[in-house]
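The values are calculated or read from the model by the stated rules, or taken from the named source; none is laboratory data. Everything numeric in this text was worked out from a predicted model, so none of it was measured. Every residue, glycine as well, gets a Cβ built from its backbone with ideal geometry; the counts of neighbours run over all protein chains shown. Heads up: the accessible areas ignore ligands, DNA and RNA and are worked out on the full protein's heavy atoms, side chains in. Shrake-Rupley method; radii C 1.70, N 1.55, O 1.52, S 1.80 Å.
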Amino acid sequence: MSHSVVTETFHNPGGIKTGAIVRRIEPTSLSTLVCFTEPGGLHHVECRIEFDGENPFDWTHYVMHNDDEFVERDHEQSDPGDVVPSFAEPRLVQQLLHSGEPELSFTLLDEGSGQMRPARLVHKGDEVGLYSEDHLLNRHRVVGDEVIASDWNGAGSRVVHEVDELLDGLDEQVALRVRNFLKS
């Protein structure tokens with residue numbers, strides 16, 4: 001896996017574009033920015049996960065922060081062997097798509113709370129769904145082995161290839177944070 005940047009427009013449950021998701025994917029790290037406006041103000045979170053290689057199960061450390069919170073955690077020996085931070089979901093989806101298998105089971109770790117729960121990704125047709133306790137959490141529409149759009153339990157995102165299209169119509173606070181993330 002080489003270095004790449006994936007940009008997605010973010011849409012609220014009503015379908016209105018309110019933000020962006022940007023991922024910097026490198027062989028040994030995944031950095032993610034999620035930034036959008038909502039009725040209560042600006043939502044902004046960044047997460048960086050370090051890996052020993054390209055396998056999402058071989059993560060070593062993560063840092064997640066927003067304007068009010070900073071969480072840092074190492075992958076502990078006492079963790080379940082199949083535990084993966086939730087922000088690594090894109091890597092898990094890629095692993096499932098490349099495997100040719102219909103399903104991938106694992107333990108999902110919520111970076112903010114530290115809570116873990118059983119989860120599975122299911123690939124059926126042109127969709128990969130994330131399930132936990134038989135509840136569908138997220139859905140990813142795929143073409144071949146690429147995710148082109150996602151449903152995040154009501155909100156949605158769509159991959160775009162031009163920064164101008166990503167930033168078009170965004171609140172200036174969101175656009176500034178996206179520009180800064182892309183520069184770093």
Original post:
Can we say F106 is open to solvent by less than 30 Å² (accessible area, probe 1.4 Å) and touching a strand residue (DSSP E or B) at 6+ places or on another chain (Cβ under 9 Å)?
Top reply: yes
Original post:
Can you name the strands (runs of 3 or more DSSP E) wholly within the stretch 125-180 that have at least 1 residues being open to solvent by 80 Å² or more (accessible area, probe 1.4 Å)?
Top reply: 135-143, 146-152, 155-160
Original post:
R158: basic (K, R), modelled with pLDDT of 95 or more and closer than 13 Å to F10 by Cα, yes or no?
Top reply: yes
Original post:
Out of curiosity, is E69 surrounded by fewer than 19 Cβ atoms within 10 Å (Cβ to Cβ), closer than 25 Å to T18 by Cβ and either modelled with pLDDT of 95 or more or not acidic (D, E) (or both)?
Top reply: no
Subject >> All positions within the stretch 1-48 that are within 16 Å of the chain's Cα centre (by Cα), small (G, A, S) and open to solvent by less than 40 Å² (accessible area, probe 1.4 Å) >> reply: G19, A20, S29, S31
Subject >> Answer from L96, L92 - the residue that is within 17 Å of E146 (Cα to Cα) and out of contact with any helix residue (DSSP H, G or I) (no Cβ under 7 Å at 6 or more places or on another chain) >> reply: L96
Subject >> Out of S105, S132, S113, S184, sole residue that is of a type in the set (S, T, Y), modelled with pLDDT under 95 and more than 17 Å from T32 (Cβ to Cβ) >> reply: S113
